[in-house]
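S.K.: If you scroll down you'll find the structure; I have some questions about it.
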Amino acid sequence: MLEALARDLQGSPEQLRGAARLAFHLAFAALAVPGAVLGVLYALTRPAPYPSSGVIGLGAVALLLGGAALYLARQSGRDPRLTPTQAGLTCAMQLASAPAVAFLLGCAALHQWQALALLWGLALALYLYARTQLPQLVRPERGAVGTGATGAVGKAAE
C-alpha cells in the first residue's frame, strides 16, 4: 500500500489526488485507532460523567482545534516553497488531524453518550468537510490551489 502511495505521489494529477486521499485516511487511522483503544481502557475505569458545561467546553475545544488544523492545512497547500507532492502530502495529513481532534476527545468520553454523540458528530462533520476540501487543496501544478482548472491566480502571484 505504501509503495502505491509513493508511486502515485510522482504520477499524474489524478494519481496525486488519489495519493493524498490515501494519506488522509492513513493519517486519520494512525491517530484514531490508538485513541479508540485508550478510550475503551479509560471507560473500563468507570470515570465520573462530565457536567454539561464540560461537554460544551469539550465541543468548543474540538471545534477550535479542528478549525486551526483546517486553516494550517490550507496554508500548507498554498505554500509556494513546497513542491506539489510535498504540499499534497502535508495538506492531507494536516486535514486528517481536524476530525481526529474531535474523535480523540470523544474517545475520552466513551462513558457518557451525550458527550460521545456531540464529539463524534463533530468529528464526522469535520471529516466530511475535510474530505471535500482535499481535492481543491492538492495542487498538481505549482500555484493551482483554489483557482479552478487554470491555476491563473496562483501563477499570477509567482
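The values are calculated or read from the model by the stated rules, or taken from the named source; none is laboratory data. Here the structure is a predicted model, which is why all the values come from computation and not from measurement. Cβ: placed from backbone, ideal geometry, glycine included. Neighbour counts: every protein chain shown.
S.K.: Which residues, counting only those in segment 66-86, are among the hydrophobic types (A, V, I, L, M, F, W, C) and either buried (at least 24 other Cβ atoms within 10 Å of the Cβ) or in contact with a His (Cβ under 9 Å, 6 or more places away or on another chain) (or both)?
M.R.: ALA73, the sole residue that qualifies.
S.K.: Now for a different question. Is it fair to say VAL37 is assigned to a helix (DSSP H, G or I), closer than 18 Å to LEU126 by Cβ, more than 11 Å from the chain's Cα centre (by Cα) and modelled with pLDDT of 95 or more?
M.R.: So VAL37 does not fit the description; no.
S.K.: Still on this model: Is at least one residue of segment 126-140 charged (D, E, K, R), part of a helix (DSSP H, G or I), buried (at least 16 other Cβ atoms within 10 Å of the Cβ) and at pLDDT below 90?
M.R.: Within segment 126-140, none of the residues are charged (D, E, K, R), part of a helix (DSSP H, G or I), buried (at least 16 other Cβ atoms within 10 Å of the Cβ) and at pLDDT below 90.
S.K.: Being farther than 14 Å from LEU16 by Cα, buried (at least 20 other Cβ atoms within 10 Å of the Cβ) and either touching a residue at least 24 places away in the same chain (Cβ under 8 Å) or of a type outside the set (S, T, N, Q) (or both) is true for just one of ALA123, ALA117, ALA108. Which residue is that?
M.R.: Residue meeting the stated conditions: ALA123.
S.K.: Name the residues in segment 1-50 that are in contact (Cβ under 8 Å) with a residue 24 or more places away in the chain and β-branched (Val, Ile, Thr), would you?
M.R.: VAL40
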